[in-house]
Amino acid sequence: MPEEAVQLTECIGVISKFIFQTPRFAIFRFRTPKEDMVALGEIFNAREGEKLFLRGSWEIHPKYGRQLKIKSWEKIVPTSRDEAIELLSSGLVKGVGPATAKKIVNVLGADAIEIILKNPEELKKVKGLGKRAEQIAQSIQETYDRQRIVKDLASFGLTIGMAQRAFKHFGRPVVDYIRINPYSLTKVDMIGFVKADEIAHNIGIAKDSHFRIQAGVMHVLNEALQNEGHTYLPAGELVNRSLAVLNKESPVVTEEKVREAFDHEDIEVHGKGVSLERAVRCEEAIARHVKRLNRKVASLEPAPVIRLYEKREGVELTEDQARAVAMVLNSGFSILTGGPGVGKTATIKAINAVARKIYPDIKIVFAAPTGRAARRISEVTGEMAHTIHKLLEFDHDGFPLYDARNPLPCDLIVVDEASMVDIYIARQLLGALKTGARVLFVGDVDQLPSVGPGNVLRDLLACPDIPRVTLDKVFRQAAKSQIIANAHRINKGQPLVIDNSKKDFIFLERESPEDICKTVVHWVKNLGCGPSEIQVLSPMKKGPAGTQELNRLIQESVNPSGEEIRLKNTLFRVGDKVIQTRNNYAKEVFNGDIGIITATDGDTIMVKFNGHEIEYAGDELKEIELAYAITVHKSQGSEFKNVIIPVTTSHYVMLARNLIYTGITRATERVVLVGTKKALAIAIRNNKPVLRYTMLREFL
């Protein structure tokens with residue numbers, strides 16, 4: 001139902017008690033002259049006892065009954081003597097207790113708050129306040145200014161959540177900033193060019209405004225960086241993409257004006273193209289740290305210690321594995337690569353044991369980009385492993401405890417699943433390592449590049465000065481697995497070989513996307529596994545067999561009813577599998593973490609991630625999505641017992657060898673491919689790696 005068709009209620013009352021409260025969302029009991037009620041919405045900087053004007057619509061909650069969902073609100077400035085004294089002494093105003101509150105109201109009258117807001121100098125009439133007068137006036141202004149400014153911002157078309165973030169970013173002058181240049185909003189977290197453009201149109205900014213063109217170019221570079229991983233775009237491509245965005249409705253912007261917009265403090269033009277300045281600095285820093293770390297640190301011959309290790313463990317390392325052990329001990333920076341079943345993990349275990357034997361006091365750290373990858377390396381090595389975020393101890397604002405001034409206390413760090421490491425985390429990690437430390441990146445270069453920007457592992461391997469060992473011998477035990485055997489066949493461009501008697505690799509031929517989806521849902525429901533043991537991986541989010549449609553169908557089949565909460569087009573229910581879609585340092589959950597919804601009251605939800613329950617409310621709900629089906633990209637670094645992959649020509653644009661390869665190597669026990677032989681053949685033939693424009697190899 002359109003908002004204008006909803007019956008809106010207006011009321012004035014007092015917050016009597018908070019039932020639930022975050023910095024941006026609250027559920028509270030609200031007392032009006034007529035009734036006591038429950039109200040909820042995006043409300044901030046409010047306390048119990050405060051008088052508010054609320055405007056909203058009535059809803060019937062299945063558990064809590066009738067409640068008012070707030071559309072807009074504002075604080076009421078007290079106009080009576082008792083209200084003014086109550087507010088001044090409530091704790092909202094710093095340095096004012098009951099006695100001082102009465103003194104202020106005795107001098108300035110019942111309208112004391114309004115008088116102070118208009119002219120803070122009036123407080124000087126109250127004797128005995130001294131230096132406190134300025135502090136009291138500032139506290140009162142802050143209490144009302146923020147709410148008034150957010151109300152003004154909301155009139156431009158921002159949601160309350162957006163308005164709060166804009167106020168936090170720019171402070172009191174935010175309204176003036178937006179009136180002059182609404183595109184300054186693009187600097188605020190989660191407010192993009194499209195929203196800023198809408199606001200600019202509403203307040204009459206010209207379509208060929210320099211502010212708009214520059215914001216459009218920045219938007220294209222940001223989209224290329226965050227969504228496609230490009231750290232620069234060739235100038236001609238950037239011009240074409242920018243014109244497509246800026247002239248979507250009418251051809252008002254010229255190529256010349258777009259090129260003029262390249263002259264911006266946050267944009268850098270170089271020989272290869274045009275970059276966001278922060279992306280260039282990031283890749284430059286990575287190259288600088290690699291050069292600093294990449295030096296010979298020892299001249300050891302570890303063969304005797306390796307033989308002792310083999311004898312003790314009853315294993316025999318290949319020549320390449322033994323060479324990798326020696327490489328790590330003697331090199332400051334090195335890389336170990338190879339596909340599934342070639343012994344990367346066994347090599348890591350050998351490196352750990354031999355290094356500890358030669359250097360009894362050595363401090364070795366194991367890390368990976370995701371929690372799932374870190375847990376896996378812990379299980380196979382028997383050593384504690386951390387996510388890189390956890391290792392660097394990022395605070396709630398995203399700043400690490402460990403950096404160049406306070407380096408990590410380690411002599412050797414092993415980073416597994418290095419293909420997932422993007423330019424941001426690579427810069428932070430390498431910058432936090434002391435000169436003389438040994439660094440080993442372990443990864444499979446044939447997998448998809450990182451979800452985040454850059455192509456770090458592939459660019460490092462393009463540098464001939466960095467020591468590396470590639471393991472390519474598939475161990476006999478691993479070769480028995482059809483998953484591993486077919487992964488290597490796909491990598492070589494060879495057709496699959498499937499032995500139906502083994503049941504660990506299954507291809508189900510289905511033609512239409514509808515039949516493919518129906519079969520995927522049937523297998524999810526009937527495999528007899530819990531949600532953590534089965535994962536559907538699709539190449540794309542949209543489309544008839546994309547993750548969005550599959551999530552809807554699987555949810556209807558396996559979790560059709562129960563306590564729920566709706567967010568735009570998505571319904572979340574208790575028991576649903578969900579994925580975190582961005583790093584949230586305050587909650588200590590990160591992009592790609594998968595959890596289960598354990599509870600909801602219709603307005604907030606609780607999600608269990610790795611044994612820890614996290615609460616979501618208001619804008620925070622936008623950070624999670626259903627995860628019965630996720631993209632292959634999002635699955636990197638994970639392992640699941642069972643993996644189901646739809647393979648259809650409707651995903652033609654995404655059918656590539658490394659995508660199918662990455663998807664099937666996520667499975668430990670069973671792969672089920674559902675689709676057409678034609679689509680599978682297209683994917684296996686398409687050996688073009690995902691092209692990313694990056695500068696790192698040039699800097700190296």
Fill in the blank from the handout: For the stretch 475-547, the count of lysine pairs 8 or more apart or interchain whose alpha-carbon atoms are under 27 Å apart comes to 13
Fill in the blank from the handout: Sequence order, the stretch 247-261: Karplus ³J(HN,Hα) from phi using 6.51 cos²θ - 1.76 cosθ + 1.60, θ = phi - 60°, Hz rounded, Gly and Pro as x, gives 9, 4, 9, 7, x, 9, 9, 9, 4, 4, 5, 5, 5, 4, 6
Practice task
Check the straight Cα-Cα distances from Lys125 and name the aspartates and glutamates below 18 Å, setting aside those fewer than 8 residues away within the same chain.
Solution key: Asp111, Glu114, Glu134
Fill in the blank from the handout: With x for Gly and Pro, the residue-by-residue ³J(HN,Hα) of the stretch 178-194, computed from phi through the Karplus equation 6.51 cos²θ - 1.76 cosθ + 1.60 at θ = phi - 60° and given in whole Hz, is 6, 4, 6, 9, x, 6, 5, 4, 5, 7, 8, 3, 6, 10, x, 4, 4
Handout entry: Within the stretch 1-115: Cβ-based charge dipole about Cα centre, in debye rounded to nearest 20 (Lys, Arg +1; Asp, Glu -1)
Key = 380
Practice task
Identify the trypsin sites (Lys or Arg not before Pro) of the stretch 440-502 meeting these criteria: DSSP loop state and at most 10 other C-beta atoms within 10 Å of the C-beta.
Solution key: Lys492
Practice task
Pick out, from Gly431, Ala279, Ile594, the residue whose Cα sits farthest towards the positive end of the charge dipole of the chain, with +1 on the Cβ of Lys and Arg and -1 on the Cβ of Asp and Glu.
Solution key: Gly431
Completion exercise
Toy charge model, Lys and Arg Cβ at +1, Asp and Glu Cβ at -1: the chain dipole around Cα centroid in debye, rounded to 20, equals 1180
Handout entry: Candidates per trypsin sites (Lys or Arg not before Pro) in the stretch 64-134, loop by DSSP, up to 13 other Cβ within 10 Å
Key = Lys94, Lys127, Lys131
Exercise for the section: Please give the length that would be gained between Glu313 and Val497 if that part of the chain were fully extended, namely 0.36 nm times their separation in residues minus their C-alpha to C-alpha distance (nm, one decimal). Expected result: 62.8 nm
Handout entry: trypsin sites (Lys or Arg not before Pro) lying in DSSP loop within the stretch 259-333, provided at most 13 other Cβ fall within 10 Å
Key = Arg295
Problem - Among Ser155, Ile213, Asn181 - extreme Cα towards positive end, dipole of the stretch 89-241, charges at beta-carbon - result: Ser155
Handout entry: Net charge of neighbours whose Cβ lies under 13 Å from the Cβ of Val188, counting Lys and Arg as +1 and Asp and Glu as -1
Key = +2
Handout entry: Test item: Cα-centred dipole of the stretch 41-98, Lys/Arg +1 and Asp/Glu -1 on Cβ, debye
Key = 200
Problem - Accessible area per residue in Å² at 1.4 Å probe, computed on the chain - result: 46
Handout entry: Exceeding the 29 Å Cα-Cα cut-off - candidates Lys349/Lys473; Lys608/Lys641; Lys357/Lys608
Key = Lys357/Lys608
Fill in the blank from the handout: Out of Tyr309, Ser331, Ala261 - ranked by how far each Cα lies towards the positive end of the dipole of the stretch 253-339, with unit charges on the beta-carbon of charged residues - the top one is Tyr309
Handout entry: Fully extended contour minus Cα-Cα distance, from Val38 to Glu134, at 0.36 nm per residue
Key = 30.9 nm
Exercise for the section: Answer with a single label: of (1) 27.5, 90; (2) 29.6, 93; (3) 25.8, 78, which was calculated as Rg and Dmax of the Cα atoms in Å from the structure in view? Expected result: (2)
Fill in the blank from the handout: Per the Kirkwood formula over distinct C-alpha pairs, the hydrodynamic radius of the stretch 532-670 in angstrom is 15.5
Practice task
May I ask you to list the lysines whose Cα is less than 25 Å away from that of Lys118, ignoring any residue fewer than eight positions away on the same chain?
Solution key: Lys51, Lys75, Lys94, Lys102, Lys103, Lys127, Lys131, Lys151, Lys168
Exercise for the section: Quick one: net charge around Leu412, please, counting Lys, Arg +1 and Asp, Glu -1 for every other residue with C-beta under 10 Å from its C-beta. Expected result: +2
Problem - Förster-model FRET efficiency, 41 Å R0, Lys118 and Lys272, C-beta, rounded to 0.05 - result: 0.10
Problem - Angle in degrees between helix 235-246 and the longest Cα principal axis of the chain, rounded to the nearest 10 - result: 40
Exercise for the section: Could you work out how far helix 303-313 tilts from the main Cα principal axis of the chain, as a 0 to 90 degree angle to the nearest 10? Expected result: 80
Handout entry: Residues of type aspartates and glutamates that Lys71 reaches as a straight line, Cα spacing below 13 Å, ignoring anything fewer than 8 places off in the same chain
Key = Glu3, Glu4, Glu10, Glu42, Glu59
Handout entry: Using alpha-carbon coordinates, inclination of helix 513-526 to the longest axis of the chain, degrees
Key = 90
Problem - Mean residue ellipticity (222 nm) of the chain, computed from DSSP H runs ≥ 4 via -39,500 (n - 2.57), nearest 500 - result: -11000 deg cm²/dmol
Exercise for the section: Could you look at the chain and say what percent of its accessible area is carbon and sulfur, using a 1.4 Å probe and all protein chains? Expected result: 50
Problem - Cβ-defined net charge surrounding Ile199, 12 Å radius [Lys, Arg +1; Asp, Glu -1] - result: +1
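The values are calculated or read from the model by the stated rules, or taken from the named source; none is laboratory data. Note that the structure is predicted; figures quoted are calculated from it, not measured. So basically every Cβ, Gly included, is an ideal-geometry build from the backbone, and we count neighbours across all protein chains shown. Please note that ligands, DNA and RNA were not included when accessible areas were found on the heavy atoms of the full protein model with its side chains. Shrake-Rupley method; radii C 1.70, N 1.55, O 1.52, S 1.80 Å.
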